Amino acid sequence: MDLGNLIKTLIVGGMFLLAFLNFSNALRVNKKANIWFGFFVLIWSSFWLDEMIYPAQTFPSDSIFFSLRFLQFMVPLVFLGSVVFYTNPHYKFKSRDLLFLVLPVIFLSVMFLGKDHEFKGYKTILMGLFFTQALACNVLAYFKVQKHQKVIESFSSNTYNIDLSWIKYIIYFCLLCSVFFLMLNLIYPDRDLNSLTNLFFLFILYLVTFYSIRQVEIFPVGLKLEETLESASSISSENSDAKVKLMSDKELLEAKSRLAKLMESEEVYLDSELNLVKLAQRMNLNSHQLSYIINSGFEVNFFQYINAYRVEKAKKLLVDPDMEAYNMVSIGFASGFNSKTAFNTVFKNMTGQTPSEFRQSKS
């Protein structure tokens, strides 16, 4: 076996393993999303599998050719489906989603016509359709993740493990691959991918595997997801008058005072896993009510509210002589952050300085 075939075998084997890990879902988290992501990886592997089985790209029957190419065309759409369920596990398909089948139907029609008549520009049209599909699905997936990263701040105090940043890297890579494959097929239509390109993809594959199997459950049990998504959308909306009042101004003032007292006396923000559901239970409220108190009463989201207390705690620890021997990681954990990255990012966003710079400025 030459190097090229060895790398292809490792890619296909790695993708089959990743698909199996997502289907088996040992952690029992993000079930629908993991199934969709598993299918995405499985179908994606066909780009290398068909080169291994049919190296001359001569297929024994038209049905195999059509089925394989159609499955490959569906890769970006299945990827988008996985992103949809990662960002909203309760998503229900609507009639407007049928619009996503327009391009696949056109692609299938062009394939049938082109195979029989080989009209001019047949392959170029197919490549153009594939590139359009890949571009549209990846752009939509990107905006889904962007919106998700704002939504999770409405219920989680630590977003580091649930912000789906690793999916953004897949999107960047898919867009890069789409452009590369388009140019390659237009300039060298009969040329195979070289081993160096496949080796680079193999590296990306194992990075994706690493991050995908580490993905924890995104939405906590007990969270009213639809209300949370609606609340997050209303916060980003400029029309604040559209927000529904859940309590009178007097009740809101009392709830604010009770919440502030809980934060200061019991320091619940030191729990690195604190989320909206947990804090609502401590307040004997439902998560929607607590979200309203924080959003309307303090005019911030849950993430900002909790981390403001953590940053103030960190400031005290950073200038405390008894904590001088402790490094930034220890200070971060002692303040309620669950990672050095989260600590540095949040602290700098709120103070304009890194924790180290703040400590130096006070020494």
Here are S212, S156: which of them is modelled with pLDDT of 90 or more and crowded, with 16+ Cβ neighbours inside 10 Å? S156
Would you be able to tell me the number of residues in segment 293-305 that are crowded, with 20+ Cβ neighbours inside 10 Å and not polar (S, T, N, Q)? 5
Count, please, the residues in segment 134-153 that happen to be out of contact with any Ser or Thr (no Cβ under 9 Å at 6 or more places or on another chain) and surrounded by fewer than 22 Cβ atoms within 10 Å (Cβ to Cβ). 6
Criterion first (assigned to a helix (DSSP H, G or I), surrounded by fewer than 17 Cβ atoms within 10 Å (Cβ to Cβ), over 20 Å from the mean Cα position of the chain (by Cα) and touching a residue at least 12 places away in the same chain (Cβ under 8 Å)) does L108 satisfy it? yes
Flag for I187 being modelled with pLDDT of 85 or more and of a type in the set (A, V, I, L, M): no
Among the residues of segment 270-284, write down those that are surrounded by fewer than 20 Cβ atoms within 10 Å (Cβ to Cβ) and without any contact (Cβ under 8 Å) to a residue 60 or more places away in the chain. K278, Q281, R282, M283, N284
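Condition check ((1) closer than 15 Å to L259 by Cβ; (2) of a type in the set (S, T, Y); (3) within 30 Å of the chain's Cα centre (by Cα)) across all residues:
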position	(1), (2), (3)
N301	yes, no, yes
A314	no, no, yes
S339	no, yes, yes
N349	no, no, yes
R359	no, no, no
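For segment 253-284, which residues satisfy the criterion of being in contact with a Gly (Cβ under 6 Å, 6 or more places away or on another chain) and at pLDDT 95 or above?
Looking only at segment 253-284, we keep the residues that are in contact with a Gly (Cβ under 6 Å, 6 or more places away or on another chain), and these are 256, 269-270, 272, 277.
Scanning segment 253-284 gives K256, Y269, L270.
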Name the pairs whose Cβ atoms lie under 8 Å apart, with the first residue in segment 303-317 and closer than 17 Å to I152 by Cβ and modelled with pLDDT of 95 or more, the second among the small types (G, A, S) and assigned to a helix (DSSP H, G or I), and 6 or more positions between them or separate chains? F303/S154
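The values are calculated or read from the model by the stated rules, or taken from the named source; none is laboratory data. Only a predicted model underlies this, so the values are computations on that prediction, with no experimental measurement involved. Glycine also receives a Cβ, built like all others from the backbone with ideal geometry; neighbour counts cover every protein chain displayed.
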